[in-house]
Amino acid sequence: MRHTESEKTVKKNVRSAGRGEEVIYVRGLKKSFGKKDVLKNINFEVNKGENVVVLGKSGSGKSVIIQCLVGMISPDEGELRVFGEEVSALTEKQLKKLRIRIGFLFQSGALYDSMTVRENMQFPLIRILKMNDQNEIDKRVEEVLKSVGLLDSIDKMPSDLSGGMRKRAGLARTLVVNPELMLYDEPTTGLDPITSREISNLVLEIQKKYKTTSIIITHDMECAAITADRVLVLNDGEFIAEGSFEEVKSSKDEFVSSFFK
Amino acid sequence: MADEVLKGWRGWFAESGEQLSFFKVFFRNLFRSGFEWSEFVRQCYEIGYKSFTLVGTTAFIMGLVLALQLRPTLIGFGAESMLPKSLAVSIVKEIGPVITAIICAGKIASGIGAELGSMKVTEQIDAMEVSGANPVQYLVVTRILATTAMVPLLTLLGDVLGLLGGFVAINVNGNVSLFLYFNKCISSLGFSDLLPAFIKTIFFGFVIGFIGCYKGYNSNKGTESVGLAANSAVVAASLWIFVIDAIVVQVSNIIIY
Ligand SMILES: Nc1ncnc2c1ncn2[C@@H]1O[C@H](COP(=O)(O)OP(=O)(O)OP(=O)(O)O)[C@@H](O)[C@H]1O
Ligand SMILES: [Mg+2]
(Lines give C-alpha, C1' and ligand atoms only; values in the text may rest on other atoms or scores of the structure.)
(Ligands and ions follow the chains in the order given, each with its own letter.)
Protein backbone atom coordinates (compact mmCIF):
# COMPACT_ATOMS: atom_id res chain seq x y z
CA MET A 1 0.00 0.00 0.00
CA ARG A 2 2.71 2.42 1.03
CA HIS A 3 4.59 1.41 -2.03
CA THR A 4 1.89 2.43 -4.45
CA GLU A 5 1.47 5.68 -2.64
CA SER A 6 5.10 6.65 -3.10
CA GLU A 7 4.80 5.65 -6.72
CA LYS A 8 1.89 8.02 -7.04
CA THR A 9 3.84 10.95 -5.66
CA VAL A 10 6.63 10.25 -8.08
CA LYS A 11 4.14 10.29 -10.94
CA LYS A 12 2.72 13.56 -9.70
CA ASN A 13 6.16 15.06 -9.71
CA VAL A 14 6.68 13.94 -13.27
CA ARG A 15 3.53 15.71 -14.29
CA SER A 16 4.29 18.91 -12.44
CA ALA A 17 7.74 19.01 -14.01
CA GLY A 18 6.19 18.53 -17.42
CA ARG A 19 3.87 21.50 -17.03
CA GLY A 20 6.72 23.85 -17.86
CA GLU A 21 6.58 25.78 -14.60
CA GLU A 22 9.70 24.16 -13.27
CA VAL A 23 12.66 24.57 -15.55
CA ILE A 24 14.90 22.53 -13.29
CA TYR A 25 13.85 19.74 -10.97
CA VAL A 26 16.45 17.84 -8.95
CA ARG A 27 15.86 15.10 -6.37
CA GLY A 28 18.38 13.02 -4.46
CA LEU A 29 21.36 14.02 -6.59
CA LYS A 30 24.53 12.23 -5.49
CA LYS A 31 28.04 12.46 -6.86
CA SER A 32 31.37 11.34 -5.53
CA PHE A 33 34.83 11.51 -7.04
CA GLY A 34 36.84 8.54 -5.82
CA LYS A 35 36.28 8.33 -2.10
CA LYS A 36 35.16 11.91 -1.82
CA ASP A 37 31.39 12.39 -1.59
CA VAL A 38 31.02 15.84 -3.06
CA LEU A 39 27.24 15.92 -3.44
CA LYS A 40 25.28 13.78 -1.00
CA ASN A 41 21.63 14.64 -1.36
CA ILE A 42 20.76 17.63 -3.47
CA ASN A 43 17.11 18.61 -3.87
CA PHE A 44 15.89 21.79 -5.51
CA GLU A 45 13.86 23.20 -8.30
CA VAL A 46 14.00 26.41 -10.28
CA ASN A 47 10.90 28.00 -11.73
CA LYS A 48 10.63 29.79 -15.01
CA GLY A 49 11.94 33.34 -14.94
CA GLU A 50 13.54 32.95 -11.53
CA ASN A 51 17.08 33.94 -10.48
CA VAL A 52 18.43 31.42 -7.99
CA VAL A 53 21.73 32.14 -6.25
CA VAL A 54 23.82 29.25 -4.91
CA LEU A 55 26.22 30.01 -2.07
CA GLY A 56 28.84 27.64 -0.72
CA LYS A 57 32.47 27.32 0.24
CA SER A 58 35.15 26.82 -2.38
CA GLY A 59 35.32 23.15 -3.29
CA SER A 60 31.86 22.37 -1.93
CA GLY A 61 30.62 21.19 -5.32
CA LYS A 62 28.73 24.18 -6.70
CA SER A 63 30.28 23.88 -10.12
CA VAL A 64 29.64 20.13 -10.08
CA ILE A 65 25.89 20.76 -9.67
CA ILE A 66 25.57 22.93 -12.75
CA GLN A 67 27.89 20.65 -14.71
CA CYS A 68 25.48 17.81 -13.93
CA LEU A 69 22.61 19.90 -15.29
CA VAL A 70 24.19 20.12 -18.74
CA GLY A 71 25.39 16.52 -18.80
CA MET A 72 29.10 17.32 -18.51
CA ILE A 73 29.26 15.18 -15.40
CA SER A 74 26.94 12.22 -14.92
CA PRO A 75 25.59 11.92 -11.39
CA ASP A 76 25.88 8.66 -9.44
CA GLU A 77 22.26 8.76 -8.34
CA GLY A 78 19.21 10.95 -8.44
CA GLU A 79 16.56 12.46 -10.62
CA LEU A 80 17.65 15.42 -12.66
CA ARG A 81 15.23 17.08 -15.03
CA VAL A 82 15.80 20.14 -17.14
CA PHE A 83 12.89 21.48 -19.20
CA GLY A 84 11.06 18.35 -18.10
CA GLU A 85 13.62 15.98 -19.60
CA GLU A 86 15.66 13.50 -17.58
CA VAL A 87 19.22 14.49 -18.46
CA SER A 88 20.84 11.09 -17.97
CA ALA A 89 18.30 9.42 -20.29
CA LEU A 90 18.98 11.67 -23.27
CA THR A 91 20.68 10.47 -26.44
CA GLU A 92 23.63 12.43 -27.78
CA LYS A 93 21.37 14.26 -30.20
CA GLN A 94 18.76 15.14 -27.58
CA LEU A 95 21.46 16.31 -25.20
CA LYS A 96 22.80 18.62 -27.88
CA LYS A 97 19.31 20.05 -28.40
CA LEU A 98 18.96 20.60 -24.68
CA ARG A 99 22.35 22.30 -24.46
CA ILE A 100 21.39 24.76 -27.16
CA ARG A 101 18.63 26.05 -24.88
CA ILE A 102 21.08 26.54 -21.99
CA GLY A 103 23.74 29.21 -21.65
CA PHE A 104 26.73 28.27 -19.53
CA LEU A 105 29.08 31.02 -18.37
CA PHE A 106 32.39 29.52 -17.29
CA GLN A 107 34.33 30.75 -14.32
CA SER A 108 37.15 31.76 -16.67
CA GLY A 109 34.99 33.10 -19.49
CA ALA A 110 36.47 30.40 -21.75
CA LEU A 111 36.86 32.61 -24.83
CA TYR A 112 38.32 30.84 -27.86
CA ASP A 113 41.74 32.45 -27.85
CA SER A 114 42.60 31.80 -31.48
CA MET A 115 39.63 33.93 -32.59
CA THR A 116 38.79 37.61 -32.34
CA VAL A 117 35.88 38.73 -30.17
CA ARG A 118 33.71 38.96 -33.28
CA GLU A 119 34.59 35.43 -34.38
CA ASN A 120 33.93 34.19 -30.87
CA MET A 121 30.40 35.57 -31.13
CA GLN A 122 29.87 34.23 -34.65
CA PHE A 123 30.98 30.73 -33.73
CA PRO A 124 27.77 29.66 -31.94
CA LEU A 125 25.57 31.57 -34.39
CA ILE A 126 26.98 29.73 -37.39
CA ARG A 127 27.53 26.33 -35.81
CA ILE A 128 24.61 26.06 -33.45
CA LEU A 129 21.84 28.25 -34.81
CA LYS A 130 23.04 27.53 -38.38
CA MET A 131 22.62 31.17 -39.35
CA ASN A 132 24.13 32.03 -42.72
CA ASP A 133 22.97 35.55 -43.53
CA GLN A 134 26.09 37.59 -42.83
CA ASN A 135 24.15 40.83 -42.31
CA GLU A 136 21.91 39.21 -39.77
CA ILE A 137 24.90 37.68 -37.99
CA ASP A 138 26.73 41.02 -37.83
CA LYS A 139 23.63 42.74 -36.52
CA ARG A 140 23.10 40.18 -33.78
CA VAL A 141 26.78 40.22 -32.75
CA GLU A 142 26.87 43.99 -32.54
CA GLU A 143 23.64 44.16 -30.61
CA VAL A 144 24.85 41.72 -27.96
CA LEU A 145 28.31 43.29 -27.67
CA LYS A 146 26.68 46.66 -27.23
CA SER A 147 24.54 45.35 -24.39
CA VAL A 148 27.66 44.23 -22.50
CA GLY A 149 29.55 47.40 -23.46
CA LEU A 150 32.22 45.79 -25.61
CA LEU A 151 31.41 47.10 -29.07
CA ASP A 152 34.75 48.94 -29.22
CA SER A 153 36.70 45.74 -28.75
CA ILE A 154 34.92 43.73 -31.42
CA ASP A 155 38.04 43.07 -33.48
CA LYS A 156 40.44 42.48 -30.59
CA MET A 157 41.92 39.12 -29.65
CA PRO A 158 40.91 37.73 -26.22
CA SER A 159 44.52 38.05 -25.06
CA ASP A 160 44.26 41.81 -25.52
CA LEU A 161 41.26 42.11 -23.20
CA SER A 162 41.31 42.75 -19.46
CA GLY A 163 39.86 40.18 -17.05
CA GLY A 164 36.59 42.06 -16.72
CA MET A 165 36.28 42.52 -20.47
CA ARG A 166 36.92 38.82 -21.00
CA LYS A 167 34.18 37.96 -18.58
CA ARG A 168 31.78 40.27 -20.34
CA ALA A 169 32.77 38.85 -23.72
CA GLY A 170 32.18 35.34 -22.38
CA LEU A 171 28.78 36.49 -21.17
CA ALA A 172 28.01 37.99 -24.56
CA ARG A 173 28.95 34.75 -26.30
CA THR A 174 26.55 32.76 -24.14
CA LEU A 175 23.80 35.33 -24.63
CA VAL A 176 24.17 35.61 -28.37
CA VAL A 177 22.08 32.47 -28.94
CA ASN A 178 19.29 33.66 -26.65
CA PRO A 179 19.28 30.81 -24.11
CA GLU A 180 16.18 30.15 -22.03
CA LEU A 181 18.22 29.04 -19.04
CA MET A 182 21.47 30.68 -17.92
CA LEU A 183 23.98 29.02 -15.61
CA TYR A 184 26.51 31.51 -14.26
CA ASP A 185 29.61 30.11 -12.60
CA GLU A 186 30.96 32.93 -10.45
CA PRO A 187 30.28 35.78 -12.86
CA THR A 188 31.96 38.42 -10.69
CA THR A 189 34.91 36.61 -9.12
CA GLY A 190 38.22 38.40 -9.62
CA LEU A 191 36.68 41.70 -10.63
CA ASP A 192 36.80 45.06 -8.90
CA PRO A 193 33.66 46.15 -7.00
CA ILE A 194 32.53 48.55 -9.70
CA THR A 195 32.81 46.06 -12.54
CA SER A 196 31.24 43.39 -10.33
CA ARG A 197 28.25 45.62 -9.75
CA GLU A 198 27.97 46.27 -13.49
CA ILE A 199 27.98 42.55 -14.23
CA SER A 200 25.45 41.83 -11.49
CA ASN A 201 23.14 44.48 -12.89
CA LEU A 202 23.68 43.04 -16.33
CA VAL A 203 22.60 39.62 -15.08
CA LEU A 204 19.46 41.17 -13.68
CA GLU A 205 18.80 43.11 -16.88
CA ILE A 206 19.15 39.97 -18.97
CA GLN A 207 16.60 38.20 -16.81
CA LYS A 208 14.14 41.05 -17.25
CA LYS A 209 14.77 41.57 -20.94
CA TYR A 210 14.87 38.01 -22.22
CA LYS A 211 12.77 36.38 -19.45
CA THR A 212 15.56 33.90 -18.83
CA THR A 213 15.75 31.59 -15.88
CA SER A 214 19.10 31.61 -14.09
CA ILE A 215 21.26 29.85 -11.56
CA ILE A 216 24.01 32.10 -10.28
CA ILE A 217 26.92 30.65 -8.35
CA THR A 218 28.78 33.28 -6.43
CA HIS A 219 30.81 34.23 -3.37
CA ASP A 220 30.01 37.87 -3.91
CA MET A 221 27.31 38.99 -1.48
CA GLU A 222 26.60 42.15 -3.38
CA CYS A 223 26.02 40.14 -6.55
CA ALA A 224 23.72 37.84 -4.60
CA ALA A 225 21.83 40.79 -3.12
CA ILE A 226 21.31 42.37 -6.54
CA THR A 227 20.37 39.29 -8.51
CA ALA A 228 18.73 36.79 -6.18
CA ASP A 229 15.04 35.97 -6.14
CA ARG A 230 15.94 33.01 -3.99
CA VAL A 231 19.15 31.85 -2.29
CA LEU A 232 20.33 28.27 -1.67
CA VAL A 233 23.23 27.53 0.66
CA LEU A 234 25.32 24.44 0.01
CA ASN A 235 27.27 22.76 2.77
CA ASP A 236 28.66 19.26 3.09
CA GLY A 237 26.88 17.97 0.00
CA GLU A 238 23.41 19.27 0.84
CA PHE A 239 21.45 22.50 0.68
CA ILE A 240 21.09 23.59 4.29
CA ALA A 241 19.18 26.83 3.82
CA GLU A 242 16.77 28.28 1.33
CA GLY A 243 14.87 31.56 1.11
CA SER A 244 14.98 35.12 -0.10
CA PHE A 245 18.26 36.98 0.30
CA GLU A 246 16.98 38.75 3.43
CA GLU A 247 15.65 35.55 4.96
CA VAL A 248 18.89 33.68 4.49
CA LYS A 249 20.90 36.66 5.65
CA SER A 250 19.05 36.79 8.96
CA SER A 251 19.35 33.03 9.48
CA LYS A 252 20.20 31.85 13.01
CA ASP A 253 22.43 29.10 11.62
CA GLU A 254 26.06 29.91 12.32
CA PHE A 255 27.41 28.54 9.04
CA VAL A 256 24.80 30.33 6.95
CA SER A 257 25.21 33.67 8.65
CA SER A 258 29.00 33.43 8.37
CA PHE A 259 28.64 34.10 4.63
CA PHE A 260 27.26 37.54 5.32
CA LYS A 261 30.01 38.82 7.59
CA MET B 1 59.11 -3.71 -8.15
CA ALA B 2 56.83 -6.34 -9.66
CA ASP B 3 53.91 -4.21 -8.60
CA GLU B 4 55.28 -1.26 -10.45
CA VAL B 5 55.89 -3.23 -13.61
CA LEU B 6 52.36 -4.55 -13.42
CA LYS B 7 51.03 -1.05 -12.92
CA GLY B 8 53.02 0.22 -15.87
CA TRP B 9 51.59 -2.46 -18.14
CA ARG B 10 48.10 -1.86 -16.89
CA GLY B 11 48.51 1.84 -17.63
CA TRP B 12 49.75 1.02 -21.09
CA PHE B 13 46.73 -1.16 -21.86
CA ALA B 14 44.34 1.41 -20.41
CA GLU B 15 45.86 4.10 -22.60
CA SER B 16 45.67 1.89 -25.69
CA GLY B 17 41.98 1.38 -25.00
CA GLU B 18 41.46 5.10 -24.63
CA GLN B 19 43.29 5.77 -27.87
CA LEU B 20 41.10 3.23 -29.61
CA SER B 21 37.92 4.89 -28.40
CA PHE B 22 39.32 8.30 -29.35
CA PHE B 23 39.90 6.88 -32.81
CA LYS B 24 36.28 5.74 -32.94
CA VAL B 25 35.12 9.22 -31.95
CA PHE B 26 37.32 10.72 -34.65
CA PHE B 27 36.04 8.27 -37.23
CA ARG B 28 32.39 8.91 -36.40
CA ASN B 29 32.88 12.65 -36.70
CA LEU B 30 34.85 12.35 -39.91
CA PHE B 31 31.72 11.55 -41.87
CA ARG B 32 29.34 13.85 -40.06
CA SER B 33 27.86 16.63 -42.16
CA GLY B 34 29.19 20.14 -41.76
CA PHE B 35 32.89 19.60 -42.44
CA GLU B 36 34.89 22.61 -41.29
CA TRP B 37 36.57 23.55 -44.56
CA SER B 38 37.91 26.95 -43.56
CA GLU B 39 39.42 25.58 -40.36
CA PHE B 40 40.94 22.69 -42.33
CA VAL B 41 42.58 25.09 -44.76
CA ARG B 42 43.83 27.24 -41.91
CA GLN B 43 45.34 24.18 -40.23
CA CYS B 44 47.00 23.09 -43.48
CA TYR B 45 48.60 26.51 -43.63
CA GLU B 46 49.61 26.47 -39.96
CA ILE B 47 50.89 22.92 -40.06
CA GLY B 48 52.26 22.64 -43.56
CA TYR B 49 53.40 25.96 -44.81
CA LYS B 50 54.96 27.04 -41.53
CA SER B 51 57.11 23.89 -41.39
CA PHE B 52 58.53 24.30 -44.92
CA THR B 53 61.72 26.08 -43.93
CA LEU B 54 62.52 23.80 -41.02
CA VAL B 55 61.95 20.57 -42.96
CA GLY B 56 63.69 21.94 -46.06
CA THR B 57 66.80 23.12 -44.23
CA THR B 58 67.18 19.95 -42.20
CA ALA B 59 66.73 17.71 -45.23
CA PHE B 60 69.22 19.72 -47.26
CA ILE B 61 71.86 19.39 -44.56
CA MET B 62 71.11 15.67 -44.11
CA GLY B 63 71.60 15.07 -47.85
CA LEU B 64 74.80 17.06 -47.87
CA VAL B 65 76.29 15.26 -44.89
CA LEU B 66 75.16 11.88 -46.12
CA ALA B 67 76.91 12.42 -49.46
CA LEU B 68 80.09 13.59 -47.74
CA GLN B 69 80.10 10.52 -45.50
CA LEU B 70 79.25 7.99 -48.20
CA ARG B 71 81.80 9.27 -50.67
CA PRO B 72 85.05 7.92 -49.10
CA THR B 73 83.47 4.49 -48.57
CA LEU B 74 82.25 4.28 -52.15
CA ILE B 75 85.64 5.47 -53.47
CA GLY B 76 87.22 2.66 -51.44
CA PHE B 77 85.09 0.21 -53.39
CA GLY B 78 85.83 2.03 -56.60
CA ALA B 79 82.18 2.76 -56.93
CA GLU B 80 82.03 6.55 -56.81
CA SER B 81 79.58 6.60 -59.71
CA MET B 82 77.11 4.78 -57.45
CA LEU B 83 76.85 7.85 -55.20
CA PRO B 84 73.68 9.36 -56.75
CA LYS B 85 71.96 5.99 -56.68
CA SER B 86 72.81 5.24 -53.06
CA LEU B 87 71.78 8.75 -52.06
CA ALA B 88 68.49 8.44 -53.90
CA VAL B 89 67.64 5.09 -52.38
CA SER B 90 68.54 6.02 -48.82
CA ILE B 91 66.93 9.45 -48.90
CA VAL B 92 63.70 8.63 -50.70
CA LYS B 93 63.07 5.27 -49.08
CA GLU B 94 64.08 5.94 -45.51
CA ILE B 95 65.82 9.10 -44.43
CA GLY B 96 63.49 11.61 -46.08
CA PRO B 97 60.24 10.17 -44.72
CA VAL B 98 61.56 9.38 -41.25
CA ILE B 99 63.49 12.60 -40.70
CA THR B 100 60.56 14.67 -41.92
CA ALA B 101 58.17 12.75 -39.70
CA ILE B 102 60.40 13.07 -36.64
CA ILE B 103 60.75 16.80 -37.20
CA CYS B 104 57.00 17.08 -37.61
CA ALA B 105 56.47 15.06 -34.45
CA GLY B 106 58.67 17.57 -32.65
CA LYS B 107 57.08 20.64 -34.14
CA ILE B 108 53.52 19.74 -35.06
CA ALA B 109 52.48 16.99 -32.62
CA SER B 110 53.81 19.00 -29.70
CA GLY B 111 52.16 22.15 -31.05
CA ILE B 112 48.78 20.46 -31.36
CA GLY B 113 49.18 18.81 -27.95
CA ALA B 114 49.98 22.12 -26.30
CA GLU B 115 47.26 24.03 -28.13
CA LEU B 116 44.45 21.59 -27.38
CA GLY B 117 45.84 21.02 -23.88
CA SER B 118 45.63 24.71 -23.09
CA MET B 119 42.16 24.89 -24.61
CA LYS B 120 41.20 22.11 -22.24
CA VAL B 121 42.75 23.82 -19.21
CA THR B 122 41.05 27.13 -19.95
CA GLU B 123 37.72 25.30 -20.42
CA GLN B 124 37.44 26.31 -24.08
CA ILE B 125 36.75 22.73 -25.16
CA ASP B 126 34.14 22.31 -22.42
CA ALA B 127 32.56 25.59 -23.46
CA MET B 128 32.35 24.44 -27.06
CA GLU B 129 30.79 21.16 -26.07
CA VAL B 130 28.35 22.63 -23.59
CA SER B 131 27.18 25.23 -26.09
CA GLY B 132 26.02 22.39 -28.32
CA ALA B 133 28.79 22.77 -30.90
CA ASN B 134 31.02 19.85 -31.86
CA PRO B 135 34.62 20.31 -30.68
CA VAL B 136 35.79 17.01 -32.16
CA GLN B 137 34.64 18.00 -35.60
CA TYR B 138 36.01 21.51 -35.35
CA LEU B 139 39.31 20.86 -33.57
CA VAL B 140 40.27 17.22 -33.98
CA VAL B 141 39.04 16.15 -37.42
CA THR B 142 40.49 19.22 -39.12
CA ARG B 143 43.89 18.84 -37.48
CA ILE B 144 44.26 15.13 -38.13
CA LEU B 145 43.26 15.51 -41.78
CA ALA B 146 45.60 18.47 -42.15
CA THR B 147 48.63 16.55 -40.86
CA THR B 148 47.66 13.52 -42.95
CA ALA B 149 47.65 15.71 -46.03
CA MET B 150 50.65 17.91 -45.24
CA VAL B 151 53.25 15.44 -43.96
CA PRO B 152 53.45 13.62 -47.34
CA LEU B 153 53.89 16.97 -49.06
CA LEU B 154 56.56 18.02 -46.59
CA THR B 155 58.29 14.69 -47.17
CA LEU B 156 58.31 15.32 -50.91
CA LEU B 157 59.94 18.67 -50.23
CA GLY B 158 62.41 17.02 -47.86
CA ASP B 159 63.33 14.38 -50.45
CA VAL B 160 63.99 16.95 -53.15
CA LEU B 161 66.04 19.22 -50.91
CA GLY B 162 67.92 16.25 -49.45
CA LEU B 163 68.94 15.16 -52.94
CA LEU B 164 69.87 18.75 -53.73
CA GLY B 165 72.11 18.74 -50.64
CA GLY B 166 73.76 15.58 -51.97
CA PHE B 167 74.28 17.26 -55.32
CA VAL B 168 76.00 20.22 -53.69
CA ALA B 169 78.34 17.84 -51.80
CA ILE B 170 79.21 15.96 -54.96
CA ASN B 171 79.86 19.15 -56.86
CA VAL B 172 82.34 20.35 -54.28
CA ASN B 173 84.70 17.64 -55.49
CA GLY B 174 83.56 16.60 -58.90
CA ASN B 175 81.56 18.17 -61.58
CA VAL B 176 78.14 16.78 -62.44
CA SER B 177 75.33 18.73 -64.04
CA LEU B 178 72.18 19.06 -61.95
CA PHE B 179 70.10 17.55 -64.73
CA LEU B 180 72.32 14.49 -65.03
CA TYR B 181 72.39 14.04 -61.26
CA PHE B 182 68.62 14.08 -60.84
CA ASN B 183 68.25 11.90 -63.89
CA LYS B 184 70.51 9.31 -62.29
CA CYS B 185 68.65 9.56 -58.99
CA ILE B 186 65.24 9.10 -60.51
CA SER B 187 66.24 6.26 -62.83
CA SER B 188 67.58 4.33 -59.85
CA LEU B 189 64.20 4.35 -58.14
CA GLY B 190 61.36 2.10 -59.20
CA PHE B 191 57.67 2.22 -58.46
CA SER B 192 58.16 -0.47 -55.80
CA ASP B 193 60.51 1.91 -53.98
CA LEU B 194 58.30 4.95 -54.22
CA LEU B 195 54.92 3.51 -53.32
CA PRO B 196 55.76 2.09 -49.86
CA ALA B 197 57.72 5.26 -49.09
CA PHE B 198 54.72 7.36 -50.00
CA ILE B 199 52.23 5.21 -48.14
CA LYS B 200 54.15 5.34 -44.92
CA THR B 201 54.26 9.14 -44.99
CA ILE B 202 50.46 9.12 -44.97
CA PHE B 203 50.50 6.96 -41.86
CA PHE B 204 53.15 9.19 -40.30
CA GLY B 205 51.00 12.24 -40.96
CA PHE B 206 47.96 10.59 -39.47
CA VAL B 207 49.74 9.41 -36.36
CA ILE B 208 51.31 12.84 -35.74
CA GLY B 209 47.91 14.53 -35.87
CA PHE B 210 46.14 11.77 -34.00
CA ILE B 211 48.60 11.53 -31.10
CA GLY B 212 48.86 15.32 -30.81
CA CYS B 213 45.07 15.63 -30.66
CA TYR B 214 44.64 12.67 -28.32
CA LYS B 215 47.19 13.97 -25.82
CA GLY B 216 45.89 17.52 -25.92
CA TYR B 217 42.20 16.70 -25.92
CA ASN B 218 42.50 14.26 -23.03
CA SER B 219 44.91 16.24 -20.88
CA ASN B 220 44.04 17.04 -17.29
CA LYS B 221 42.99 20.43 -16.10
CA GLY B 222 46.11 21.61 -14.28
CA THR B 223 48.48 24.07 -15.92
CA GLU B 224 51.36 21.59 -15.83
CA SER B 225 49.33 19.20 -17.97
CA VAL B 226 49.80 21.45 -21.02
CA GLY B 227 53.53 20.81 -20.96
CA LEU B 228 52.92 17.16 -20.26
CA ALA B 229 50.54 16.88 -23.22
CA ALA B 230 53.08 18.48 -25.56
CA ASN B 231 55.93 16.38 -24.26
CA SER B 232 54.17 13.04 -24.27
CA ALA B 233 52.77 13.77 -27.74
CA VAL B 234 56.31 14.03 -29.13
CA VAL B 235 57.48 10.87 -27.38
CA ALA B 236 54.47 8.78 -28.38
CA ALA B 237 54.36 10.08 -31.95
CA SER B 238 58.09 9.44 -32.48
CA LEU B 239 57.73 5.91 -31.17
CA TRP B 240 54.77 5.27 -33.44
CA ILE B 241 56.73 6.57 -36.42
CA PHE B 242 59.45 3.94 -35.96
CA VAL B 243 56.91 1.19 -35.35
CA ILE B 244 54.99 2.11 -38.50
CA ASP B 245 58.24 2.38 -40.43
CA ALA B 246 59.23 -1.16 -39.44
CA ILE B 247 55.79 -2.56 -40.21
CA VAL B 248 55.50 -0.89 -43.61
CA VAL B 249 58.96 -2.09 -44.66
CA GLN B 250 58.18 -5.65 -43.61
CA VAL B 251 54.78 -5.73 -45.27
CA SER B 252 55.97 -4.15 -48.51
CA ASN B 253 58.91 -6.56 -48.68
CA ILE B 254 56.52 -9.47 -48.36
CA ILE B 255 54.20 -8.07 -51.02
CA ILE B 256 56.87 -7.03 -53.51
CA TYR B 257 59.33 -9.93 -53.35
N1 LIG C 1 35.91 16.30 -13.05
C2 LIG C 1 36.29 16.10 -11.77
N3 LIG C 1 37.04 15.04 -11.43
C4 LIG C 1 37.40 14.82 -10.16
N5 LIG C 1 37.08 15.62 -9.13
C6 LIG C 1 36.35 16.71 -9.39
C7 LIG C 1 35.90 17.01 -10.73
N8 LIG C 1 35.19 18.16 -10.69
C9 LIG C 1 35.19 18.54 -9.41
N10 LIG C 1 35.86 17.70 -8.62
C11 LIG C 1 36.03 17.80 -7.17
O12 LIG C 1 34.78 18.11 -6.60
C13 LIG C 1 34.91 19.07 -5.57
C14 LIG C 1 33.99 20.23 -5.84
O15 LIG C 1 34.45 20.96 -6.96
P16 LIG C 1 33.70 22.23 -7.53
O17 LIG C 1 34.49 22.69 -8.68
O18 LIG C 1 32.27 21.92 -7.75
O19 LIG C 1 33.81 23.26 -6.34
P20 LIG C 1 33.16 24.70 -6.26
O21 LIG C 1 32.16 24.64 -5.19
O22 LIG C 1 32.70 25.12 -7.60
O23 LIG C 1 34.38 25.56 -5.79
P24 LIG C 1 34.88 27.02 -6.29
O25 LIG C 1 34.05 27.99 -5.57
O26 LIG C 1 36.29 27.06 -5.87
O27 LIG C 1 34.71 27.04 -7.78
C28 LIG C 1 36.37 19.43 -5.52
O29 LIG C 1 36.94 18.78 -4.43
C30 LIG C 1 36.96 18.92 -6.78
O31 LIG C 1 38.25 18.45 -6.55
MG1 LIG D 1 33.47 26.36 -9.14
For this session: Treating the angle as unsigned and between 0 and 90°, give the value, to the nearest 10°, between the Cα long axis of helix B:37-47 and the longest Cα principal axis of chain B.
Result: 50
Problem set entry | Per-residue ³J(HN,Hα) for the range A:115-120, Karplus 6.51 cos²θ - 1.76 cosθ + 1.60, θ = phi - 60°, Hz, x for Gly and Pro | 10, 6, 4, 4, 5, 4
Problem set entry | Hz values of 3J(HN,Hα) by residue in the range B:126-141 - Karplus curve (6.51, -1.76, 1.60), Gly and Pro given as x | 4, 4, 4, 5, 5, 6, x, 7, 10, x, 5, 5, 6, 9, 7, 4
Problem set entry | Per-residue ³J(HN,Hα) for the range A:193-206, Karplus 6.51 cos²θ - 1.76 cosθ + 1.60, θ = phi - 60°, Hz, x for Gly and Pro | x, 5, 5, 4, 4, 4, 5, 4, 5, 5, 4, 5, 4, 4
Seminar exercise, completed: Distribution output for the range A:102-178: share of Cα-Cα pairs per 5 Å bin in percent, first bin at 0, values 3, 18, 32, 27, 15, 4, 0
For this session: Along each of the three principal axes of the Cα atoms of the protein assembly as shown, give the extent in whole Å, ordering the values from largest to smallest.
Result: 100, 58, 41
Problem set entry | Viscosity 0.692 mPa s, 37 °C: Kirkwood-radius Stokes-Einstein D of chain A over Cα pairs, µm²/s | 170
Problem set entry | Accessible area per residue in Å² at 1.4 Å probe, computed on the protein assembly as shown | 50
Exercise. Under Stokes-Einstein, with the Kirkwood radius over Cα pairs standing in for Rh, what whole-number D in µm²/s applies to the range A:119-261 at 20 °C and 1.002 mPa s?
Worked result: 129
Problem set entry | Neighbourhood charge, 15 Å Cβ-Cβ cut-off, centred on B:Ser21 and excluding it, Lys, Arg +1 and Asp, Glu -1 | 0
For this session: Describe numerically, in nm with one decimal, the distance between label points set 7 Å from Cα along Cα→Cβ at B:Asn171 and at A:Arg197.
Result: 7.5
For this session: Collect residues whose amide H, placed 1.01 Å from N in the peptide plane, falls under 5 Å from the amide H of A:Thr213; neighbours closer than 5 in sequence don't count.
Result: A:Gly49, A:Leu181, A:Met182
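Determine the total buried accessible area between chain A and chain B, counting protein heavy atoms only with a 1.4 Å probe; round to the nearest 100 Å².
Interface between A and B: roughly 1600 Å².
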Problem set entry | Compactness of the range B:56-179 as Cα Rg over 2.2 N^0.38 Å, two decimals | 1.52
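So, with +1 on the Cβ of K and R and -1 on the Cβ of D and E, and no other charges, what is the size of the charge dipole of chain A about its Cα centre, to the nearest 20 debye?
With only Lys, Arg, Asp and Glu charged at Cβ, the dipole is about 640 debye.
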For this session: Would you mind checking the range B:82-106 for residues with the amide N under 15 Å from a putative spin-label position 7 Å along Cα→C-beta of B:Leu156?
Result: B:97
Exercise. Quick one: helix B:110-121 against the long Cα principal axis of chain B, what's the angle to the nearest 10°, folded into 0 to 90?
Worked result: 10
Exercise. Whose amide H sits under 5 Å from the amide H of A:Asn235, counting only residues 5 or more places off or on another chain, with H placed in the peptide plane?
Worked result: A:Ile240
Exercise. Dividing the convex hull volume of the Cα atoms of the range B:36-256 by its residue count, what figure in Å³ per residue is obtained?
Worked result: 130
Exercise. Quick one: putting +1 on the C-beta of Lys and Arg, -1 on the C-beta of Asp and Glu, what dipole do you get for the protein assembly as shown around its Cα centre, in Debye to the nearest 20?
Worked result: 840
Seminar exercise, completed: Quick calc: nm separation of the 7 Å Cα→Cβ label points for B:Phe23 and A:Glu77 -> 3.9
Exercise. By how many degrees, 0 to 90 and rounded to 10, does the Cα axis of helix A:134-147 deviate from the longest principal axis of chain A?
Worked result: 70
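The values are calculated or read from the model by the stated rules, or taken from the named source; none is laboratory data. Quantities reported herein were computed from a predicted structural model and do not represent experimental measurements. Positions of Cβ are backbone-derived with ideal geometry, glycine not excepted, and every protein chain shown enters the neighbour counts. Note: accessible area is taken over every heavy atom of the protein model, side chains too, but ligands, DNA and RNA are not part of it. Shrake-Rupley method; radii C 1.70, N 1.55, O 1.52, S 1.80 Å.
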